[in-house]
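Presented below is the structure to which this report refers.
The values are calculated or read from the model by the stated rules, or taken from the named source; none is laboratory data. Because the structure is predicted, anything quoted here is derived from the model rather than measured. Glycine gets a Cβ as well: all are built from the backbone with ideal geometry, and neighbour counts include every protein chain shown. The area values use the complete protein model at the heavy-atom level, side chains included, leaving out ligands, DNA and RNA. Shrake-Rupley method; radii C 1.70, N 1.55, O 1.52, S 1.80 Å.
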Amino acid sequence: MKNEQLKAALFDLDGVVFDTEPQYSVFWGEQCRHYHPEHPGLEHEIKGSTLVQIYDRWWTGELEQERDVVTRRLNEFEAQMTYDYISGLETFIADLHRHDVKTAVVTSSNVPKMESVYRAHPEFHTLFDAILTSEDFAESKPSPDCYLRAARRFGLSNADCVVFEDSINGLRSGLAADMMVVGLLTTNSLEAVEPLSNYQLKNYNNINFKRLNQLWQDI
């Protein structure tokens, strides 16, 4: 039987906590135009993919030797990025905590990327009760593995958790974990996100614990 209120909110990072997707479009646009000029717009197709998934699909054969070069460029780029919170996030997180809702970041980003985040936001650890990165998962999104592990970290069932995602792979991961999924419209269109989510948001300005809990109850 369902609890009276949700117990945990699980957040992807880029496009969900931080408004970073436009910056990644710039970086990957440059790399894709250089290595794959025959495939215009590739940077948009790979959104939401892990670095391993990108390399396995697009940096193979003769391009495999370029992976280290791209990785170095990416690390340098991420170290210089700006990490602006999605509007309303901090207020929303505080409201969740006031109602004893656990919060976690569940991201395919790795530890070096997170070090850049912590330098930009020393308070980041105080916003979330847990931070899970790619090193914590056996399988990448769209596998549900990451969200199932986050639920277990808190000793909760799938039904007690809500997932916040923006990418197609991330949305599918949340659904596969059998959790309520809130889709952020920061990366993909409403038409792409709506079929893969229970509720959609542009940002966090018009959502609070009471509203989210009611949506969760109604599912």
| said: If you take every residue apart from residue 133 with its C-beta less than 12 Å away from the C-beta of residue 133, what net charge results, scoring Lys and Arg +1 and Asp and Glu -1? | reply: -2
| Based on the Kirkwood radius over alpha-carbon pairs, what is the Stokes-Einstein translational diffusion coefficient of segment 112-219 at 10 °C with 1.306 mPa s viscosity, in µm²/s? | 107 µm²/s
| said: Can you return the aspartates and glutamates within cross-link range of residue 141? Criterion is Cα-Cα under 15 Å, with same-chain partners fewer than 8 residues away left out. | reply: 12, 14, 56, 165, 166, 178
| query | So how far apart, in nm, are the two label points at residue 76 and residue 45 if each is 7 Å from Cα heading toward Cβ? | reply | 2.7 nm
| remark: In debye to the nearest 20, the charge dipole size for segment 70-219, taken about the Cα centre with +1 at each Lys and Arg Cβ and -1 at each Asp and Glu Cβ, equals 60 debye
| For segment 1-140, accessible area per residue (1.4 Å probe, heavy atoms of protein chains only), Å² | 51 Å²
| field | the chain, helix-only ellipticity at 222 nm - DSSP H runs n ≥ 4, -39,500 (n - 2.57), divided by all residues, nearest 500 | value | -12500 deg cm²/dmol
| Where labels lie 7 Å past Cα in the beta-carbon direction, separation of residue 60 and residue 136 in nm | 3.1 nm
| If the cut-off is a Cα-Cα distance under 16 Å, which lysines reach residue 7, setting aside same-chain residues fewer than 8 apart in sequence? | 102, 210
| request: Report the accessible area of residue 218, computed with a 1.4 Å probe over the heavy atoms of all protein chains in place, in Å² rounded to the nearest 10. | output: 110 Å²
| query | Short version: what are the Cα gyration tensor semi-axes of segment 1-147, square root of 5 times each eigenvalue, largest first, in whole Å? | reply | 31, 17, 13
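In the chain, what percent of the accessible surface is made up of carbon and sulfur (1.4 Å probe, ligands and nucleic acids excluded)?
Here carbon and sulfur together make up 47 percent of the probe-accessible area.
Less than 14 Å Cβ to Cβ from residue 177, Lys/Arg counted +1 and Asp/Glu -1: what total charge do the surrounding residues give? Provide the component values of the computation, followed by the final result.
Numbers: positive: 141, 149, 152, 153, 172; negative: 12, 139, 145, 160, 165, 178.
Around residue 177, the surrounding residues sum to -1.
Once you have the Cα-Cα distance between residue 178 and residue 206, take 0.36 nm times their residue separation minus that, and quote the gain in nm to one decimal.
Gain on stretching residue 178 to residue 206: 7.6 nm.
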